[in-house]
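Undergrad: Before I ask anything, let me first share the structure, which is written out below as structure tokens.
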Amino acid sequence: MDGTEAPSVRTAADMVLAGAAMEQRGAFMTLDGIARMIDSSTAACSTAPGGPQLCDLGADGTAPVPEFLVLELSALLGVHEGLAQAMVTDVLNLQARHPDTWQALERGDANAWQARRVARACADAELPVTEARNVDHRLRICWGHLPWPRIQQRLRGLIRSASPDLARDRARRARAERYVRIEHLDDSTSTLFARMNSADAIAIWETISAMALNASAEGNPAPLPILRAEALGALARPAGVTPPTRPPAPGQADLVVHIAAEDLPGITTLAEGTGVARVENPGDQLGPVLMEEIAELLAHRAVRVVPVIDLAGDPQVDCYEIPDRMRAQLRARDVYSVFPYSSRRARYCDIDHTEAYRHRNSPRGQTRPSNLGHLSRKEHRWKTWDKRFSLAQMSPGSFTVTTPGGFRYLIDRGLTFRLHPRRQ
């Protein structure tokens with residue numbers, strides 16, 4: 001490299017450092033802003049009957065917060081409720097249980113994601129506030145001087161040494177919480193997860209690794225990860241064992257297949273389709289699958305055909321109760337809660353009358369899709385209790401939400417659009 005290249009490299013390096021510092025500072029500003037929202041909302045919290053409840057979201061040593069704060073934050077950041085609650089929990093734990101780490105964040109010595117993982121690890125370990133602060137104090141020298149893998153290694157040792165009895169108890173409980181579960185992906189493959197005794201897991205790993213190495217030595221050109229996957233599948237079909245002629249009868253479940261209108265013309269069987277359908281199964285959540293895979297998916301299963309639901313229809317009934325067919329139409333229309341950025345599935349939500357149902361002198365047709373929408377139980381309670389919260393349905397399936405903080409959102413066909421000016 002000649003001398004003419006040095007200035008450009010230095011300039012680029014300065015940009016990297018400046019960008020990293022801005023990102024780090026911005027992440028702390030977010031956490032600090034959440035801390036201020038917690039203080040303000042807690043001070044203004046009312047204890048009126050039916051009002052927001054104070055929730056213990058943090059670990060030992062933290063103060064309770066109003067339950068609706070999480071919903072306000074989730075809409076503000078455009079994230080689902082679980083992520084917003086995790087951020088509130090981490091801020092509570094950092095401020096009350098990790099003051100040295102919080103100061104490192106203020107100085108710019110620690111990254112926000114690293115600090116949050118420290119707080120979460122101590123909370124997951126169920127350390128009392130005194131022990132958590134002791135771990136925090138002993139980690140203070142690490143910030144800005146050690147890379148994260150070494151901080152993480154030291155953190156694990158400090159947590160275990162802080163309370164050996166808790167560590168042993170966690171190990172006993174973990175062994176009692178073993179499981180195997182499956183997650184179906186979108187490409188005709190699935191991921192198998194298992195939590196098991198380490199000895200059993202190592203034995204399985206060693207067995208499939210040995211089978212993979214043998215297959216490779218016999219000339220199979222596939223990479224070892226693929227050979228291990230094939231070996232695990234072979235373990236499920238051991239030689240000499242005849243598979244059942246019929247698969248076990250599946251449990252009772254509703255399987256809903258959504259097919260786009262443009263994929264329907266000319267299709268006489270599901271296997272002829274060329275598009276993508278979305279499959280809902282409460283147990284598996286298969287999601288999108290190719291049309292030609294649906295026939296295979298439904299093989300050996302009893303199929304019940306129901307009439308096609310017209311999502312554009314707006315049938316009306318003159319009662320508070322919602323008929324089953326209207327519920328099915330609403331689930332197919334909304335899919336998720338109509339709260340901003342929600343990822344709560346409609347089938348697990350309440351169905352709310354957008355304009356409150358009037359039992360006395362009630363007009364006809366109050367219960368209709370254009371006056372109904374899905375909200376989670378907490379979102380439903382917030383709308384009912386706090387008159388500053390407003391939700392309006394502009395047209396069937398199109399909603400506007402205004403939160404008590406003055407932020408407005410449009411939820412249309414499952415998409416959320418911010419209507420308030422972006423704040424710098």
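The values are calculated or read from the model by the stated rules, or taken from the named source; none is laboratory data. Nothing here was measured: the structure is a model prediction, and the numbers come from that model. Here Cβ is always computed from backbone atoms with ideal geometry, including for glycine, and neighbour counts include all displayed protein chains. Side chains are part of the model used for accessible areas, which takes the heavy atoms of the whole protein and leaves out ligands, DNA and RNA. Shrake-Rupley method; radii C 1.70, N 1.55, O 1.52, S 1.80 Å.
Undergrad: Taking the Cβ of LEU224 as the centre, find all other residues whose Cβ is under 15 Å away and add up their charges (Lys, Arg: +1; Asp, Glu: -1).
TA: Result for the local shell: -2.
Undergrad: If you keep only loop residues by DSSP, which trypsin sites (Lys or Arg not before Pro) in the range 339-377 have at most 10 other Cβ atoms within 10 Å of their Cβ?
TA: Answer in residue order: ARG360, ARG364.
Undergrad: What FRET efficiency do you get for GLU183 and ARG36 if R0 is 30 Å and r is their Cβ-Cβ distance, rounded to the nearest 0.05?
TA: 0.20
Undergrad: Can you give the FRET efficiency for GLU206 and ARG408, using 1/(1 + (r/R0)^6), R0 = 56 Å, r = Cβ-Cβ distance, to the nearest 0.05?
TA: After rounding, the FRET efficiency stands at 0.45.
Undergrad: Put MET211, MET22, MET29 in order of accessible area, largest first, 1.4 Å probe: what do you get?
TA: MET22, MET29, MET211
Undergrad: Output the peptides 310-318, 35-43 sorted from most to least packed, where packing is the average of other Cβ atoms within 10 Å over each peptide's residues.
TA: 35-43, 310-318
Undergrad: Leaving ligands and nucleic acids out of the surface, order HIS137, HIS374 by accessible area at 1.4 Å, largest first.
TA: Most to least solvent-accessible, the answer reads HIS137, HIS374.
Undergrad: Test of the criteria: in the range 348-402, which chymotrypsin sites (Phe, Trp or Tyr not before Pro) are in a DSSP loop and have at most 16 other Cβ atoms within 10 angstrom of their Cβ?
TA: Those that pass, being in a loop and sparsely packed, are TYR357.
Undergrad: With +1 on the Cβ of every Lys and Arg and -1 on the Cβ of every Asp and Glu, and nothing else charged, how large is the dipole of the range 120-232 about its Cα centre, in debye rounded to the nearest 20?
TA: Dipole magnitude for the range 120-232 comes out near 780 debye.
Undergrad: Accessible area per residue for the range 135-221 in Å², computed with a 1.4 Å probe and the full protein assembly in place, what is it?
TA: 71
Undergrad: Please give the residues of the range 114-129, grouped as numeric ranges, whose backbone N is less than 17 Å from a label point set 7 Å along the Cα-to-Cβ vector of TRP148.
TA: So the set is 114-122.
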